[in-house]
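> Structure provided below as structure tokens; questions to follow.
Just so it is clear, none of the values below were taken in a lab; they were calculated from the coordinates. Note that the coordinates shown come from a computational prediction; the quantities given were computed from them, not determined experimentally. Note that we place each Cβ from the backbone using ideal geometry, even for glycine, and neighbour counts take in every protein chain shown.
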Amino acid sequence: MYPSGNELFFHIARHAGLEFVFTSGNALRYPTHLHISVHTITFVRRGAVRLYRQEAVNTHRAGSVYVVAPYEPHRPEFSDDVDIVSLCVDKRHFQNMNHFELDDLITCHAIRLMNDKLLSEAEIQSFLDGIEGIRRRENSAAPVERTCPDALLSSRDIDRSSFGFIRYFKGKTGLTPHQYVIQKRLREAKRMIAGRIPIADAAGLAGFYDQSHLNRWFNKTLGITPHRYRNSCFFLDAR
């Protein structure tokens, strides 16, 4: 499913709540998933991305941009020889920062990557345009309300093992409770692995049985091993 020629690199500004993800390769496929804490803006440099959402399926070709909101279930499929770059922005920034502060924060870190020949000026502008689009939707009279999976799981008035709840949960979130829990554990494992916590320790702390269990889900969901993920993470804060 994931040819060995695929490349993923993660440039992370931990204290700024930003992450730039560079993805390229062939025949990449990801399962349906959610981004819990971030808005994600993706610029398609080469090839095409077919994006499956609950309400629509769209194809985004080279030169186009698409945005995925927190809690929005989606499944991307990539063409051969695809090249994309994504900016993940902490959703709290849209409540805690004004227009100029957020744009300056993104531009400051993006320019570092442009100086390293990793981003272009046009791509940075596309990210800023995407941020403005998110801001308009957040401030609209009828913003899209999406269900927080944790709120459903924390309710004391439901039987979380019942078929009816599983169907209801998937209808609201696009995932089964088990799929959501696994993805939540993977996010926590990624955070620790990127922070250089030993992979075996990260597996246990994130809720996996052992490192082999984590390895299987990492490969199935991300298409790379935890070891490769750790070696693909770079921290903008440390520069």
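> Counting Lys and Arg as +1 and Asp and Glu as -1, what is the net charge of the other residues whose Cβ lies under 14 Å from the Cβ of Met97?
Taking every other residue near Met97 into account, the sum is -3.
> Stretch Asn115-Cys148 to full length: gain in nm at 0.36 nm per residue minus the Cα-Cα span?
Stretched out fully, the Asn115 to Cys148 stretch lengthens by 8.1 nm.
> Take the Cα pairs of the chain, get the Kirkwood Rh, then feed it into Stokes-Einstein at 37 °C and 0.692 mPa s and tell me D in µm²/s.
174 µm²/s
> Could you tell me the relative contact order of the stretch 7-138? Use alpha-carbon pairs under 8 Å, at least six residues apart, and round to a whole percent.
It comes to 28 percent, rounded to a whole number.
> Now for a different question. Relative contact order for the chain using alpha-carbon pairs under 8 Å, separation at least 6, rounded to a whole percent?
Computed value for the chain: 21 percent relative contact order.
> For labels at Asp81 and Lys170 in the simple 7 Å Cα→Cβ model, what's the distance in nm?
Result for the modelled spin labels: 3.8 nm.
> Next question, about the same structure. Based on alpha-carbon centroids, what's the gap between the stretch 37-90 and the stretch 193-208 in Å, whole number please?
Using only Cα atoms, the two centres lie 28 Å from each other.
> Counting only helical runs of four or more DSSP H residues, what would the 222 nm mean residue ellipticity of the chain come to if each run contributes -39,500 (n - 2.57) and the total is spread over all its residues? Please report the intermediate quantities before stating the final value.
Values: 9 runs with 100 residues, N = 239.
Here the helix-only value at 222 nm equals -12500 deg cm²/dmol.
> Please identify the trypsin sites (Lys or Arg not before Pro) of the stretch 71-118 that satisfy two criteria: DSSP loop assignment and at most 13 other Cβ atoms within 10 Å. Which are they?
Within the stretch 71-118, the qualifying trypsin sites (Lys or Arg not before Pro) (loop, at most 13 other Cβ atoms within 10 Å) are Arg92, Lys117.
> Here's another thing I want to ask about it. Antiparallel versus total DSSP beta bridges in the chain: what percent is that, nearest 5?
95 percent
> With a Cα-only, solvent-free Debye model of the stretch 39-78, what are the log10 I(q)/I(0) values at q = 0.17, 0.22, 0.24 Å⁻¹?
So the normalised log intensities are -0.40, -0.66, -0.78.
> For the stretch 7-138, what D do you get in µm² per second when you plug the Kirkwood radius from alpha-carbon pairs into Stokes-Einstein at 4 °C and 1.567 mPa s? List each step's numbers first, then the result.
On the way: Rh = 15.0 Å.
Using the Kirkwood radius from Cα pairs, D works out to 86 µm²/s.
> Right, here's the next one. To the nearest 0.05, what FRET efficiency results for Lys220 and Arg46 with a Förster distance of 30 Å applied to their C-beta separation?
The calculated FRET efficiency here is 0.70.
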